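Peer 1: Just passing along the structure, written as structure tokens.
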Amino acid sequence: MIQYVLYKEESKKFIAYSDSRKVIHVKSLEEAHRFDTPNQARKAREKAPKKAAYFRVYIVMDNGELVKENSTITKRKKFSQMERKRIYQKTKGHCYLCGEFVDFDVFQVEHRIPLAKGGTNDFSNLFPACNCCNSMKNSIYPEELLEKITQIFMYQVTKRGNNHTKCVVAKQVITSMMEKNVLDRAKLQIACGLIESVE
Ligand SMILES: [Zn+2]
């Protein structure tokens, strides 16, 4: 699971919270507060305009490396058949976002961290996606897409709102899944063939 921190390069300080939930500055990544989405990090920065001034959103990669959002925008590249095969094999032909099987001829190469947000054409950042998910996701993070889909779903259910209890229950289930990251992580792991199903 990719996480995000607020970091100020000039002073080499990170944003964290004290026990009394006050915004504090810390020196190491280990002590830094981890956000699940870049949006949460930005919101936290807005809430503490003085303390968090000049702090930028950084992506904490799986290997612990820090990558600044928007720092380098890599050009989209055309992938060779060999490269496409390697990427396709990652999930055995399933879209890494919705899990649906996609034919080799039509699958799209997806950048997990969008190029517009500092992602690269590195193999570790590339996953197969179906056309629908690929066009929906475009230049946003998978977490943001999930947030949006949940929002659309909740809005549509509420709008049609003939069964209030059902809406409330659905909302609670989705919210708790989102909080525990079950929704996103499980789907990703299944799609990537790391686990068979959710226990
Ligand atoms: Zn899909």
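The values are calculated or read from the model by the stated rules, or taken from the named source; none is laboratory data. This one's a predicted model, so the numbers in the text were calculated from it and none came from an experiment. Glycine also receives a Cβ, built like all others from the backbone with ideal geometry; neighbour counts cover every protein chain displayed.
Peer 1: What about Phe123, is it more than 15 Å from the chain's Cα centre (by Cα), over 18 Å from Gln3 (Cβ atoms) and more than 16 Å from the ligand (Cβ to nearest atom)?
Peer 2: Yes.
Residues are listed down the side, and each one gets a yes or a no for (1) within 17 Å of Leu146 (Cβ to Cβ); (2) surrounded by fewer than 17 Cβ atoms within 10 Å (Cβ to Cβ):
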residue	(1), (2)
Leu6	no, no
Glu10	no, yes
Phe14	no, no
Val26	no, yes
Thr37	yes, no
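Peer 1: Determine, yes or no, whether Arg112 is free of Cβ contacts under 8 Å to residues at least 40 places away in the same chain and within 23 Å of Ser135 (Cα to Cα).
Peer 2: Details: free of Cβ contacts under 8 Å to residues at least 40 places away in the same chain: no; within 23 Å of Ser135 (Cα to Cα): yes.
No, not satisfied.
Peer 1: Right, something else. Restricting attention to the range 12-35, does a residue exist that is within 16 Å of the chain's Cα centre (by Cα) and modelled with pLDDT under 90?
Peer 2: Looking for residues that are within 16 Å of the chain's Cα centre (by Cα) and modelled with pLDDT under 90, one finds none in the range 12-35, hence no.
Peer 1: Determine, yes or no, whether Arg86 is assigned to a loop (DSSP other than H, G, I, E, B) and either within 22 Å of Glu144 (Cα to Cα) or out of contact with any strand residue (DSSP E or B) (no Cβ under 7 Å at 6 or more places or on another chain) (or both).
Peer 2: Numbers: assigned to a loop (DSSP other than H, G, I, E, B): no; either within 22 Å of Glu144 (Cα to Cα) or out of contact with any strand residue (DSSP E or B) (no Cβ under 7 Å at 6 or more places or on another chain) (or both): yes.
When the stated conditions are applied, Arg86 does not pass them.
Peer 1: From Lys43, Lys51, Lys78, grab the single residue that is without any contact (Cβ under 8 Å) to a residue 60 or more places away in the chain and in a helix (DSSP H, G or I).
Peer 2: Lys43
Peer 1: A further question on this structure: Do any residues in the range 91-108 that are assigned by TED's automatic domain parsing to the domain that holds Asn125 have Cβ atoms under 6 Å from those of residues that are among the basic types (Lys, Arg) and assigned to a strand (DSSP E or B), where the two are at least six apart or on different chains, and which pairs are they?
Peer 2: If the second residue must be among the basic types (Lys, Arg) and assigned to a strand (DSSP E or B), no pairs are left.
Peer 1: If the Cβ limit is 8 Å and pairs must be 6+ apart or interchain, which residue in the range 22-33 that is of a type outside the set (Val, Ile, Thr) pairs with which residue that is exposed (fewer than 12 other Cβ atoms within 10 Å of the Cβ)?
Peer 2: Sorted first by the residue in the range 22-33, then by its partner, the pairs are His25/Ser11; Lys27/Lys12; Leu29/Gly64.
Peer 1: Among the numbered criteria (1) surrounded by 18 or more Cβ atoms within 10 Å (Cβ to Cβ); (2) assigned to a helix (DSSP H, G or I); (3) within 10 Å of the ligand (Cβ to nearest atom), which single criterion is violated by Pro128?
Peer 2: It fails just one condition, (2).
Peer 1: Then there's this: Which one of the conditions (1) surrounded by 14 or more Cβ atoms within 10 Å (Cβ to Cβ); (2) at pLDDT 90 or above; (3) within 16 Å of the ligand (Cβ to nearest atom) does Glu83 fail to meet, given that it meets all the rest?
Peer 2: Status for Glu83: all satisfied but (3).
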